[in-house]
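Novice: To start, I am sharing the structure in question, which I have written as structure tokens.
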Amino acid sequence: MTSRLGRGQRSTPALFVAPFFILFVATLIVPVGYSLWMSLFREQATSGLGFGGTETLFVGADNYLRALGDPSFHRGFLHIALYCLIYIPVMVGGALALALLVDSAMARAKKLIQLAYFLPHAVPGLIAAIIWGFLYTPGLSPVIDLLRTVGVEWDFLGPDGVVFSMANAAAWQWIGYNMVIFYAALQAVPKETLEAAVVDGAGQLRTALSVKLPMIRSSVVLTMLFTAVGAIQLFNEPEVLRSRSSAVSQDWSPVMYIYQAAFTEHDYGLAAAASLLLALLGAGLSFVITKLGNRWKEA
Amino acid sequence: MATATPPRTLPPTRSPKRPDTTRPPRTPAASWSSKAVVTTLLGIVAVYTLMPLSWLLVNATKSNGDLFASPGFELADFHLLTNLADLFTYQDGVFGRWLANSMLYSVVGALASTLVSLLAGYAFATYDWWGKEKLYGLVLLGILVPHTVISLPMYLMASEVGLVNSYWAVLIPGLVNPFGVYLSRVFAESYVPGETLEAARIDGASELRTFRSVALPMLSPAFVTVFLFSFTGSWNNFFLPLVMLNDSALYPVGLGLFNWNATLPQEPQLYSLVITGSLVSVVPLAVAFVSLQRFWRSGLTAGAVK
């Protein structure tokens, strides 16, 4: 559907994409480049006491080495590794299971169910974290009361529980959204394929696992990709829970570490280096997930 | 950070048919007990997804004292109107200002961003030019760049040019929506037939005129979809305003509530304000979402070209 342009119209596509690309360069390309540049320098006070301004020193890879050698940066990655281990299987697996359940012809009131599951997504992530923060607060939370009546004492904000609490708040937000995505993908599975499976004697469960699931794998891979890239940037939930829980430090997650380095300590070089390391991890994850997805496709 | 994940949907080409029309005939094999199991499972999850919101609704009607004195799901004295009055008068009514700011960031930002994305997506779909697919690859990469990487240098750049602590500092970055360009291209490829554009050209319309009068109306479902994603993206944006803004008069509602929430251990009298404020900030968006969602879901399938 692309078309030939007459003379004098050759510049039209350039005019149409110009607004986007000017902004794209200004708010994406330039900041990434600036980040790279910044990560090579260190601001240093000219006098030992911090008077008399600062000078900018070229330090090469020093900022990267400082970030990589910092135990609190390591702890941040451990925290999100644990978080991903809990969050990703529960959220993606849960959304998939729900989509298959809703799709299995047995489920009634599909529209109502989809709406109920989707509604949390209409709540801004920050507000969701604040609401769950209340539901984790003793004295305020009906959940804690309920658990107590069945004899369970669980500290949602304690050092053991807080990661689960964050994963829960995020899963609550995203499970319905991804379920709707998967469900929409399931609708595109050809009717003939499903009928063939039934004729071949496949039951509901077998059809779901061996026919439907492989046919929506590209949606699943895409969802995993976005979920993983989002998860390594974990910030809202820990930042909100920090005011309630002594188990969440100011540099609990890598993004919190970066925020602290930049805006509390004004160590921009370190913050830039740490951001780029995080971005590199994101790119690596994207690569691995798409590779795995491709292999799955070939299998 | 969930909000950093780019919103996404299936390209319309992948789900060309309306739900329900593709369903296979109901299998009679499903037994009564497995039906009950499925219904129960789905019901439990629905309770889970609706519980926090109903808790918010119930507790926004309680006075600050009753919040801790009465069980979470029991109604106490009806205090909602007093809470609302307190919310909108506390600190000279700053909450109303935050709501207005959020509307500005989201509505104005999303309108401009949608137009920018549509223009670019349309150009990618309609014209051939040198280096097109390479540039498009760059746009797709842009979807994956973590926001945190660019927030810090963006803050420093904004402070160089004196934009820190201004509406522009939040509005301008919100205009760039690589995912919107991707969606617009997919939509334009399936909704705007080349023959129609050709006909408009033969009739002597300029390219801009063709876009405005012929393509844009055909792209209205794309407009709504991209707008909706930009709108919620801006409404949910927290990290950027947190980095860019110091002046609480410029805060969007989320950042304002976040600050109140953080002071709760010292100022417990704010509990009812934060709870009522959270409810108020959720209601308009939830209503808009539920009503608009219907529109874009049908938008995904409407207007398809044979």
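The values are calculated or read from the model by the stated rules, or taken from the named source; none is laboratory data. From a predicted model like this one, the values you see are computed outputs, not experimental measurements. Every residue, glycine as well, gets a Cβ built from its backbone with ideal geometry; the counts of neighbours run over all protein chains shown. Accessible surface is based on the protein model in full, side chains and every heavy atom, while ligands, DNA and RNA are left aside. Shrake-Rupley method; radii C 1.70, N 1.55, O 1.52, S 1.80 Å.
Novice: Which one, A:Thr227, A:Thr264, A:Thr137, has the greatest fluctuation when you compute a Gaussian network model over chain A with C-alpha springs under 10 angstrom?
Specialist: A:Thr264
Novice: Let me know the charge dipole size of chain B about its Cα centre in debye, to the nearest 20, where only the beta-carbon of Lys, Arg (+1) and Asp, Glu (-1) is charged.
Specialist: 1260 debye
Novice: Another one. What size of dipole, in debye to the nearest 20, comes out for the protein assembly as shown about its Cα centre when the only charges are +1 on Lys and Arg C-beta atoms and -1 on Asp and Glu C-beta atoms?
Specialist: 2420 debye
Novice: Please return the longest stretch of chain A lacking exposed loop sites, where GluC sites (Glu not before Pro) count only if DSSP places them in a loop and at most 12 other Cβ atoms lie within 10 Å.
Specialist: A:1-152
Novice: Let me ask you something else. Got a sec? Charge dipole of segment B:40-194, +1 on Cβ for Lys and Arg, -1 for Asp and Glu; which of B:Phe88, B:Ala46, B:Ser102 is way out at the positive end?
Specialist: Working it through, the farthest residue towards the positive pole turns out to be B:Ser102.
Novice: Let me ask something else. With Cβ to Cβ distances under 12 Å as the rule, what net charge do the other residues near A:Trp154 carry (K, R +1; D, E -1)?
Specialist: Charge balance in the 12 Å sphere: -3.
Novice: Which semi-axes, in whole Å and largest first, does the equivalent ellipsoid of segment A:50-143 have when worked out from the alpha carbon gyration tensor as the square roots of 5 times its eigenvalues?
Specialist: 44, 20, 15
Novice: What net charge do the residues around B:Tyr122 carry, taking every other residue with its C-beta under 10 Å from that of B:Tyr122, with Lys and Arg at +1 and Asp and Glu at -1?
Specialist: Cβ neighbours under 10 Å give a net charge of 0.
Novice: Give the carbon-plus-sulfur fraction of the accessible surface of chain B in %, rounded to a whole number; probe 1.4 Å, heavy atoms of protein chains only.
Specialist: 66 percent
Novice: In whole Å, how far is the Cα centre of segment B:267-290 from that of segment A:102-149?
Specialist: If you average the Cα positions of each part, the centres end up 16 Å apart.
Novice: In a shell of Cβ-Cβ distance under 12 Å around A:Asp62, excluding A:Asp62 itself, what net charge do Lys and Arg (+1) and Asp and Glu (-1) give?
Specialist: +1
Novice: Using only the alpha carbons, work out the radius of gyration and Dmax of segment B:126-214 in angstrom.
Specialist: According to the Cα coordinates of segment B:126-214, Rg and Dmax are 18.1, 50 Å.
Novice: Taking 56 Å as R0, compute the FRET efficiency from the Cβ-Cβ separation of B:Val224 and A:Glu43 and round it to 0.05.
Specialist: Computed FRET efficiency for B:Val224 and A:Glu43: 0.75.
Novice: In addition: Given points 7 Å out from each Cα along the Cα-Cβ axis, report the A:Asn294 to A:Phe164 separation in nanometres with one decimal.
Specialist: 4.0 nm
Novice: While we're on this one: Test of understanding: what is the full-extension gain from B:Ser213 to B:Glu195, defined as 0.36 nm times their sequence separation minus their Cα-Cα distance?
Specialist: This chain segment gains 5.0 nm when fully extended.
Novice: So, in nm, how far is label B:Ala69 from label B:Met103 when the simple model puts each one 7 Å beyond its Cα toward the Cβ?
Specialist: 3.6 nm
Novice: Counting only protein heavy atoms, probe 1.4 Å: which residues of segment A:148-194 lose 30 Å² or more of accessible surface in the full assembly compared with their chain by itself?
Specialist: Residues losing area: A:Trp172, A:Trp174, A:Tyr177, A:Ile181, A:Ala184, A:Gln187, A:Ala188, A:Lys191, A:Leu194.
Novice: Let me know the number of lysine pairs in chain A closer than 23 Å at the Cα, not counting same-chain pairs under 8 apart.
Specialist: The number of close lysine pairs in chain A is 8.
Novice: Accessible area per residue of segment B:65-211 at 1.4 Å probe, in Å²?
Specialist: I get 45 Å² per residue for segment B:65-211.
Novice: Still on this model: Round to the nearest 0.05 the FRET efficiency obtained for B:Lys134 and B:Tyr48 when R0 = 45 Å and r is the Cβ-Cβ distance.
Specialist: 0.50
Novice: Rounded to the nearest 0.05, what FRET efficiency do A:Arg217 and A:Val150 have when you use their Cβ-Cβ distance and R0 = 51 Å?
Specialist: The pair A:Arg217/A:Val150 has a calculated efficiency of 0.80.
Novice: Ignoring ligands, DNA and RNA and using a 1.4 Å probe, state the total buried accessible area between B and A in Å², rounded to the nearest 100.
Specialist: Summing both chains' loss of accessible area gives about 9900 Å².
Novice: Let me ask something else. Taking every eigenvalue of the Cα gyration tensor of chain B, multiplying by 5 and rooting it, what semi-axes result, largest first, whole Å?
Specialist: Value: 40, 31, 17 Å, ordered largest first.
Novice: Right, here's the next one. Across the protein assembly as shown, what fraction of all alpha-carbon pairs, as a whole percent, falls in each successive 10 Å bin from zero upward?
Specialist: 3, 15, 25, 26, 19, 9, 2, 0, 0
Novice: Related question: Helix B:32-59 versus the longest principal axis of chain B: what is the Cα-based angle in degrees, 0 to 90, to the nearest 10?
Specialist: Between the helix axis and the principal axis of chain B, the angle is about 60 degrees.
Novice: If I stretch the segment between B:Asn259 and B:Asn246 completely, what's the gain in nm (0.36 nm per residue apart, minus their alpha carbon distance), one decimal?
Specialist: So the extension gain works out to 3.5 nm.
Novice: Separation between the A:Leu78 and B:Asp203 pseudo-spin-labels, each 7 Å from Cα along Cα→Cβ, expressed in nm?
Specialist: For A:Leu78 paired with B:Asp203, the spin-label model returns 6.9 nm.
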